[in-house]
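What follows draws every value from the coordinates through simple rules; no lab data is involved. For clarity, every value in this text was computed on a predicted model and none was experimentally measured. Positions of Cβ are generated from backbone atoms using ideal geometry, with glycine treated the same way; all protein chains shown enter the neighbour counts.
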Amino acid sequence: MERGAGATPQHSPGGDSVDLTPPAVAAEVFGDRLPLAEQYCAALATAGVERGLIGPREVPRLWDRHILNCAVLGELIPLGASVVDIGSGAGLPGIPLGIARPDLRITLVEPLLRRTKFLAEFVESAGLEITVVRGRAEQPDVRKEAGGADYVTSRAVAPLGKLAKWSLPLIHEHGHMLALKGSSVAEELERDRVELARAGAGHAQILECGVGIVTPPTVVLSVERVPRAEKRANKEANRRARRAQ
Ligand SMILES: C[S@@+](CC[C@H](N)C(=O)[O-])C[C@H]1O[C@@H](n2cnc3c(N)ncnc32)[C@H](O)[C@@H]1O
């Protein structure tokens, strides 16, 4: 990936010299908020590694595999939407998304204290308007605090069926779950079809974002939280299909 101008090598905690200069496309994605994305990249490469939130081997690929790969998710989210990012870990995808898209109202949900401390510290030091909630996505108090959103996002949190069960109660009817997934998403979708219908997911689509920005583009599974009547009809259709097999 072509590097942007003004590259200055920086150092990872292990002492190895790593170039953290953003690639040129980062300016397209983050605009005048690129310095915040650079601050985030530096935080991941230092405190993130020291506190065991990100593997040291990820440092050379923080921009393409993590920060840009997650920020491009904004292509699928309309202006001013509310977003709950579950299982944020060190802030992915929620923090790059919030840096690239200050119009979004973002809440990060993460159960582990070590991780929520890192998230809260970074959000405060960068002056971001992002809320951090400590807890598991399926907990009633988390649902109460973070629920009713337009979108729920996640990356590498759980298999699809379980993910839908945790995610869909956090959005309103017709809201969307956007799950960053790998190349085997189609098989995962087929495997967990029944669980998805049971959780109230419909209108599944496999989408790509970040074309021309990240290689390969980010693969996203989008599902809609369908109204109750449609949920019942989908469950019934699945039952009939299983009986006919
Ligand atoms: C493999 S990490 C992925 C972190 C981040 N999304 C990323 O892509 O780098 C999975 C994260 O999900 C969190 N997690 C696990 N179960 C969860 C649940 N029920 N609700 C919310 N977060 C959960 C874990 O604590 C962990 O931080």
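Determine, at each q value in 0.09 (inverse angstroms), the log₁₀ of I(q)/I(0) that the Debye formula gives when each Cα of the chain is one equal point scatterer. Summing over Cα pairs of the chain leads to -0.39. Cα centroids of the stretch 33-81 and the stretch 212-235: 24 Å apart.
For Ser82, the residues whose modelled amide H falls within less than 5 Å of its own, excluding neighbours fewer than 5 places apart on the same chain, are Arg105, Asp150, Tyr151.
Less than 5 angstrom separates the built amide H of Lys181 from those of Val219, Val220, Leu221, all sequence-distant by 5 or more or on a different chain. If both residues of a DSSP beta bridge must be in the stretch 133-245, then about 70% of such bridges are antiparallel.
Assuming R0 = 35 Å, can you tell me the calculated FRET efficiency for the pair Ala24 and Glu173, based on Cβ-Cβ distance, to the nearest 0.05? Efficiency computed from Cβ-Cβ geometry: 0.25. Taking the Cα atoms of the stretch 82-148, the ratio Rg/Rh between the radius of gyration and the Kirkwood radius comes to 0.93.
Where both residues lie in the chain, what percent of DSSP beta bridges are antiparallel, nearest 5?
Numbers: 17 of 36 bridges.
Of the beta bridges lying entirely in the chain, close to 45 percent run antiparallel.
Each of the GluC sites (Glu not before Pro) that DSSP puts in a loop and that has at most 16 other Cβ atoms within 10 Å breaks the chain; the longest unbroken stretch is 3-128. Per-residue Karplus couplings for the stretch 48-58, computed as 6.51 cos²θ - 1.76 cosθ + 1.60 with θ equal to phi - 60°, are listed in order as x, 6, 4, 8, x, 8, 9, x, x, 6, 7 Hz, Gly and Pro entered as x. Secondary-structure-derived ellipticity at 222 nm for the chain, considering helices only, amounts to -9500 deg cm²/dmol, per-run term -39500 (n - 2.57) for DSSP H runs with n ≥ 4. The H on the amide N of Val132, modeled in the peptide plane, is under 5 Å from the matching H of Leu108, each at least 5 residues off or on a different chain. Dipole magnitude for the chain: about 1380 debye, using +1 per Lys or Arg Cβ and -1 per Asp or Glu Cβ, origin at the Cα centre. Measuring r between the beta carbons of Glu50 and Glu145 and using R0 = 25 Å, the FRET efficiency lands at 0.25.
For the chain, the number of Lys pairs separated by eight or more positions or lying on different chains, with C-alpha atoms closer than 23 Å, is 10. Sorting Ser184, Ser82 by the number of Cβ atoms found within 10 Å of their own Cβ, with the fewest placed first, yields Ser184, Ser82. Remark: the stretch 188-194, residue by residue, has Karplus-estimated 3J(HN,Hα) of 4, 5, 5, 4, 9, 3, 5 Hz, where x stands for each Gly or Pro and the curve is 6.51 cos²θ - 1.76 cosθ + 1.60 at θ = phi - 60°. For the stretch 235-245, the Karplus equation 6.51 cos²θ - 1.76 cosθ + 1.60, evaluated at θ = phi - 60°, returns couplings of 5, 5, 4, 5, 4, 5, 4, 5, 5, 6, 6 Hz by residue, with Gly and Pro reported as x.
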